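Written below as structure tokens is the structure these notes are about.
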Ligand code: SF4
Ligand code: SF4
């Protein structure tokens with residue numbers, strides 16, 4: 001196996017060598033139309049060690065981690081953790097991210113989860129809006145959700161925050 005494939009396999013916990021290119025993962029993916037390559041192509045590119053192409057791609061930032069691919073895959077391969085591993089490598093290596101708004105959301109989400117142990121939507125969205133300087137998009141939806149009490153004003157803490165912090169330290 002190519003060293004890049006071994007690295008991604010270890011980071012993601014997914015057994016890439018079991019993929020036989022049946023394309024079921026691609027057929028069910030709700031975000032594949034935004035990818036440069038289909039899901040099964042991403043797996044093949046990893047197997048071939050195409051590190052630069054993948055780590056600089058927008059594909060790895062468009063996966064929403066819904067797990068549809070993994071539940072369809074006859075070999076139990078989940079692309080979500082694989083995309084997570086690729087994003088993590090891209091950030092560690094300081095790669096340019098072609099979708100800055102997605103990166104801003106990603107960072108705001110993770111910072112909120114790290115700070116409170118779970119995501120607090122109000123502060124996460126505020127951080128995201130400050131980063132992107134886009135204050136008006138989705139404002140109407142946000143206000144409606146807020147009026148219905150779906151976006152709590154104050155964050156709720158959790159038990160086991162130390163464990164969450166440990167996970168973040170392991171991943172950095
Ligand atoms: S569904 Fe699984 S075996 Fe089929 S192409 Fe996708 S990852 Fe490979
Ligand atoms: S986890 Fe990612 S790659 Fe898999 S189906 Fe969902 S969006 Fe597509």
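Quick notes on this one:
- Flag for residue 25 being farther than 26 Å from residue 170 by Cβ, out of contact with any strand residue (DSSP E or B) (no Cβ under 7 Å at 6 or more places or on another chain), assigned to a helix (DSSP H, G or I) and within 8 Å of ligand 2 (Cβ to nearest atom): yes
- Contact annotation: residue pairs with Cβ atoms under 8 Å, 6 or more positions apart or on different chains, pairing a residue in segment 47-70 that is on the phi > 0 side of the Ramachandran plot with a partner that is away from ligand 1 (no atom under 16 Å from the Cβ) and not in a loop (DSSP other than H, G, I, E, B), are 49/3; 49/4.
- Residue tally, condition farther than 13 Å from residue 54 by Cβ and part of a helix (DSSP H, G or I), over segment 1-10: 4
- Residues of segment 147-172 that turn out to be surrounded by 15 or more Cβ atoms within 10 Å (Cβ to Cβ) and more than 30 Å from residue 10 (Cα to Cα), as a count: 2
- Within the set 111, 126, the sole residue that is out of contact with any helix residue (DSSP H, G or I) (no Cβ under 8 Å at 6 or more places or on another chain) and at pLDDT below 95 turns out to be 126.
- Note on segment 28-44: residues that are assigned to a helix (DSSP H, G or I) and within 12 Å of ligand 1 (Cβ to nearest atom) total 8.
- Just one of (1) under 15 Å from residue 7 (Cα atoms); (2) buried (at least 18 other Cβ atoms within 10 Å of the Cβ) fails for residue 60. It is (1).
- Leading residue by the ranking (surrounded by the fewest Cβ atoms within 10 Å (Cβ to Cβ)) among those in segment 28-51 that are farther than 14 Å from residue 7 by Cα and more than 9 Å from ligand 2 (Cβ to nearest atom): 33
The values are calculated or read from the model by the stated rules, or taken from the named source; none is laboratory data. Just so it is clear, the structure is predicted and the values come from calculations on it, not from any experiment. Note that we place each Cβ from the backbone using ideal geometry, even for glycine, and neighbour counts take in every protein chain shown.
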